[in-house]
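Reading through the structure tokens given below for one structure.
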Amino acid sequence: MTESIKYQLDESRIPTTWYNLVADLPVPPPPVLHPGTLQPIGPDDLAPLFPMSLIAQEVSTEREIEIPGPVRDVYRQWRVTPLYRARRLEQALQTPARIYYKYEGVSPAGSHKPNTAVAQAFYNREAGVRRLTTETGAGQWGSSLAFAGAVFGLEVEVFMVRVSYNQKPYRRALMETYGARCIASPSAQTSYGRSVLAQTPDSNGSLGIAISEAVEVAASREDTKYALGSVLNHVLLHQTVIGKEAMAQLDEADDYPDVIVGCTGGGSNFAGIVFPFLGAQLRGGRQVRIVAVEPAACPSLTRGRYAYDFGDTGRMTPLARMHTLGSSFMPAGFHAGGLRYHGMAPLVSHIKELGLIEARAYHQTQCFEAGVQFARSEGIVPAPEANHAVKGAIDEAIRCREEGASRAILFNLCGHGHFDMQAYADYFAGRLTDQDYDERELSMALAGLPSVEAVTRK
Ligand SMILES: Cc1ncc(COP(=O)(O)O)c(C=O)c1O
């Protein structure tokens, strides 16, 4: 093994295809249902919101899907992203583990989100769409779509969860720099936003509410479609460039992961790093332990129910079978805004049900503690969301120390925290609290799950 710190590949090594896990699953994922008929939805049901090329990817069972040339050309701006060996962190932890991280913070927006934003903007542009609406929690996704809109000449309108809008004014400025419009959600601009404000004038907002607002606008205008930053199959698909590159880079390092760790909000960066390795395992390759890490204040994978639910709070989307806290669940305003979503990607939920992955939940102060330790060893300041993966990886490395085992740990450092320094300042000032979700609110939200018994009993 070499003593390298960074494993870098030339632009020519950017993957030419995305990897579709559905092709290798032992059991196909459950269908997405029309909320009215409770029958599996068809392409026409989704056509008001998405171009046909993305709908085709959503339901594809093909293993490899070609990345269009213009998308790869934009990827070249920052891909291939570096794979690091965290040698100084290993030393600080006194662990025999080999810790690797894939760093997605080198993208223009500072995270993995442009991997799908660029693809979605491209396909919409090809279909003649002029405007895109979307939601954003942390602001990473809104910035990414704003950037992609600028590249492909699309107008972009972003509904930003109000608590993040207030916490992160510079994210809003970044979206505006790329030419997008950013609106605090809930807003008075949509009938759903007005109904939330009428009931809760000081609402913090949530991703579920912001999705409803963006979907409402897209569904009501001919020239406008909707783009989602996570959860859907095609979004997870676009993120698989991360894992594919990591595989080639680990090859250069002459290593292979024993454990892979990723944080999960809607599941896209986790899927991006994990699916290519999981696919190889399912095709008879090496076994990998896979760990999803989520916030204890919004624990869909560890405390949610595996059930059919809406993707948004306003109940406008189709029904997907996923781990959910209930679409009316309102998470506390903790600092990892990108992880404040009531549900989990149906594909990630499905592989959790199949026992192919583990999940654990952490409180935010322990994640910031891990993030600060990481920054002091490696120099990179992680996004608050990414701190969950850092904490998961550090715990795995400590376990290696305790067991005297030298395992290879790979995690996804999915974004930097340069726009999140207020959160770090709050952490240092002792102002961060560990908010638990409210058990009563969770029971109420779960009691409100749509009834899809006839279908789920099959
Ligand atoms: C840096 C970062 N990481 C993770 C997430 C969570 O999304 P996902 O689970 O889809 O990767 C977000 C979402 O906004 C994010 O900005």
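The values are calculated or read from the model by the stated rules, or taken from the named source; none is laboratory data. These figures come from a predicted structure and were not determined experimentally. Note: ideal-geometry Cβ built from the backbone for every residue, glycine included; neighbour counts use all protein chains shown.
Has segment 165-173 got any residue that is closer than 19 Å to E222 by Cα, assigned to a helix (DSSP H, G or I) and of a type in the set (K, R)? Among the residues of segment 165-173, not one is closer than 19 Å to E222 by Cα, assigned to a helix (DSSP H, G or I) and of a type in the set (K, R), which makes the answer no. Residues that are in contact with a Ser or Thr (Cβ under 6 Å, 6 or more places away or on another chain) and assigned to a helix (DSSP H, G or I) within segment 188-224 comprise Y192, G193, V196, G208, I209, A210, S212, E213, A214, E216, V217, A218, listed in sequence order.
Exactly one residue among R376, R440 is in a helix (DSSP H, G or I), charged (D, E, K, R) and either under 22 Å from G338 (Cβ atoms) or at pLDDT 95 or above (or both), and that residue is R376. Taking segment 253-353 and the helices (runs of 4 or more DSSP H) fully enclosed by it, the elements with 2 or more residues that are more than 16 Å from the ligand (Cβ to nearest atom) are at 268-282. Pairing residues of segment 36-53 that are touching a residue at least 12 places away in the same chain (Cβ under 8 Å) and on the phi < 0 side of the Ramachandran plot with residues that are of a type in the set (S, T, N, Q) and not in a helix (DSSP H, G or I), at Cβ distances under 7 Å and at least 6 apart in sequence or on separate chains, gives no pairs at all. Scanning segment 93-119 for residues that are farther than 16 Å from V231 by Cβ, crowded, with 24+ Cβ neighbours inside 10 Å and charged (D, E, K, R) turns up K102, E104.
The residue list L21, L33 contains one member that is touching a Gly at 6+ places or on another chain (Cβ under 7 Å), hydrophobic (A, V, I, L, M, F, W, C) and buried (at least 17 other Cβ atoms within 10 Å of the Cβ), which is L21.
Selection within segment 382-417: residues that are within 16 Å of the ligand (Cβ to nearest atom) and in a loop (DSSP other than H, G, I, E, B). The member of this set that is surrounded by the most Cβ atoms within 10 Å (Cβ to Cβ) is C414. Scanning segment 3-14 for any residue that is at negative phi, among the acidic types (D, E) and buried (at least 18 other Cβ atoms within 10 Å of the Cβ) turns up nothing.
Is it the case, given these coordinates, that P48 is surrounded by 15 or more Cβ atoms within 10 Å (Cβ to Cβ), of a type outside the set (F, W, Y) and within 22 Å of the chain's Cα centre (by Cα)? When the stated conditions are applied, P48 does not pass them.
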